[in-house]
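Report on the following structure.
The values are calculated or read from the model by the stated rules, or taken from the named source; none is laboratory data. All figures in this text were calculated on a predicted structure; none of them were measured in a lab. Every residue, glycine as well, gets a Cβ built from its backbone with ideal geometry; the counts of neighbours run over all protein chains shown.
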């Protein structure tokens, strides 16, 4: 329950962080809030040879709204997102924050850290995929933006190169009708299944919808339930049908937290609940 | 060769300077290097919350922060709550409400509650208190006394109308 030895390096700006990552090689890891990395190191599931501590890099803690959407700095804590005033179309973010760990975890853990960690049940990973966010990275080859839909490659695996650092997550478009809900055995635990949805409703009819599930695949799973949704009345019957269709179209794994069949039933219920919440948000 | 760093920090207002190995957690550093053994260690992976302290006024699990990261920071631990033999209002409330039995988890709960109570929107609503206290584990009391104690202090520190 103690971490293996590593060398500690404190970066004072993004350039220094990238230089350190380049110099220290593939076995180095970025340390942000450490709320996932430190437990993995204590368990020795992770044994990085070096840590680059970016917690003191200034200027990466912000929520900014401009013509390109809502920009969240990588070092913005979950708690800051939870308590921040955001434009109406992005209220799903503070609402979802209450599902992220517990209060002290939210005070220390960061938005960029969650995205970099890439847990397939992470609320921020699901919402980044749902709202088609861009993940902004800085590395020795410069700055690039990777669509969240292409960023997550499997359990804890992402498109970020070992010498790249996430600096910002950009949510390009408002999603006024969006919701995230989930189920865990205890409050604050990782979700067994999580559902994130967004909706467009015109004249009482669902004209577009998007659905992402967590806990059913090694990465956030985009599920096409348009057949049960688009062109249908925006009501409970439709949301339940969408839940059933989503459950039929997934093949979730079985583990200590629940069987595949149990996860399918959870998905049906949570998808229906999420659409109900989104429709009324 | 060990990777060590010279750091300085303040713990409950006392200045300390020490050499610490990178892999040393803040919890172990407080306990073993600085003698603040009031901070207890349960699970050592961020689940139980027994090691909760305040780092620059933020509640953190000291097992998930490395000691070297506290360089230049202000730490508050359970030892800083009482004034000599005089318990703080929160400690007294825990005693009055039977918010502890064996006492192992108590330092973590006290510091967690201190953080909660220092927030501008901390309310005496038992549901809000329960949600915040859900962060930590107690295997004796069943939480009711803890929630009541924190609610009492929320009411006395934030008189009606200000919360």
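Numbers at a glance
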item	result
Which listed residue is in a helix (DSSP H, G or I) and within 17 Å of residue B:36 (Cβ to Cβ), from B:117, B:110, B:90	B:110
Residues of the stretch B:134-148 that turn out to be farther than 16 Å from residue B:111 by Cα and either at pLDDT below 95 or crowded, with 22+ Cβ neighbours inside 10 Å (or both), as a count	4
Residues of the stretch A:163-190 classified as modelled with pLDDT of 95 or more and in a loop (DSSP other than H, G, I, E, B), total	4
Close pairs (6 angstrom Cβ cut-off, 6 or more residues apart or separate chains): crowded, with 24+ Cβ neighbours inside 10 Å in the stretch B:63-75, modelled with pLDDT of 95 or more and assigned to a helix (DSSP H, G or I) anywhere	B:63/B:27; B:64/A:38; B:65/B:26; B:67/B:26; B:67/B:29; B:70/B:26
Spans of strands (runs of 3 or more DSSP E) in the stretch A:32-137 with at least 2 residues free of Cβ contacts under 8 Å to residues at least 24 places away in the same chain and more than 13 Å from every other protein chain (Cβ to nearest Cβ)	A:63-66
Answer from B:57, B:71, B:33 - the residue that is at pLDDT 95 or above and within 19 Å of residue A:51 (Cα to Cα)	B:71
Any chance residue A:101 is touching a helix residue (DSSP H, G or I) at 6+ places or on another chain (Cβ under 9 Å), surrounded by fewer than 21 Cβ atoms within 10 Å (Cβ to Cβ) and at positive phi	no
Residues that are touching a residue at least 40 places away in the same chain (Cβ under 8 Å) and touching a helix residue (DSSP H, G or I) at 6+ places or on another chain (Cβ under 6 Å), drawn from the stretch A:199-209	A:199, A:209
Enumeration of residues in the stretch A:5-28 that are in contact with a strand residue (DSSP E or B) (Cβ under 6 Å, 6 or more places away or on another chain) and within 13 Å of chain B (Cβ to nearest Cβ)	A:6, A:7, A:8, A:9, A:10, A:11, A:24, A:28
Matching residues in the stretch B:36-69 - criterion: being assigned to a strand (DSSP E or B) and either facing chain A (nearest Cβ under 9 Å) or within 18 Å of residue A:2 (Cα to Cα) (or both)	B:52, B:55, B:58, B:59, B:60, B:61, B:66
Given (1) facing chain A (nearest Cβ under 10 Å); (2) assigned to a loop (DSSP other than H, G, I, E, B); (3) closer than 25 Å to residue B:144 by Cβ, number of the condition residue B:99 does not satisfy	(1)
Some residue of the stretch B:75-96 being modelled with pLDDT of 95 or more and within 11 Å of another protein chain (Cβ to nearest Cβ)	no
Residue list for the stretch A:123-144, filter: touching a strand residue (DSSP E or B) at 6+ places or on another chain (Cβ under 7 Å) and buried (at least 21 other Cβ atoms within 10 Å of the Cβ)	A:123, A:125, A:126, A:127, A:128, A:129, A:130, A:131, A:133, A:134, A:135, A:137
Residues located in the stretch B:70-87, provided they are outside any helix (DSSP H, G or I) and closer than 30 Å to residue A:9 by Cβ	B:71, B:72, B:73, B:74, B:75, B:76, B:77
Boolean, residue A:1 is buried (at least 22 other Cβ atoms within 10 Å of the Cβ), in contact (Cβ under 8 Å) with a residue 24 or more places away in the chain and not in a strand (DSSP E or B)	no
Flag for residue B:138 being touching a helix residue (DSSP H, G or I) at 6+ places or on another chain (Cβ under 9 Å), more than 21 Å from residue B:57 (Cβ to Cβ) and not in a helix (DSSP H, G or I)	yes
Selection within the stretch B:1-21 - crowded, with 19+ Cβ neighbours inside 10 Å and under 19 Å from the mean Cα position of the chain (by Cα)	B:9, B:11
Checking residue A:2 against (1) at pLDDT below 95; (2) under 14 Å from residue A:162 (Cβ atoms); (3) within 13 Å of chain B (Cβ to nearest Cβ), the condition it does not meet	(2)
Single condition residue B:24 does not satisfy, out of (1) under 13 Å from the mean Cα position of the chain (by Cα); (2) at the interface with chain A (Cβ under 10 Å from one of its Cβ atoms)	(1)
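For (1) within 20 Å of residue B:30 (Cβ to Cβ); (2) free of Cβ contacts under 8 Å to residues at least 60 places away in the same chain, each residue gets a yes or a no:
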| residue | (1), (2) |
| --- | --- |
| B:85 | no, yes |
| B:88 | yes, yes |
| B:96 | no, yes |
| B:111 | yes, yes |
| B:115 | yes, no |
| B:120 | no, yes |
| B:125 | no, yes |
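Residue-wise test of (1) buried (at least 22 other Cβ atoms within 10 Å of the Cβ); (2) without any contact (Cβ under 8 Å) to a residue 24 or more places away in the chain; (3) touching a helix residue (DSSP H, G or I) at 6+ places or on another chain (Cβ under 9 Å).
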site	(1), (2), (3)
A:189	no, yes, no
A:227	no, yes, yes
A:233	no, no, no
A:265	no, yes, yes
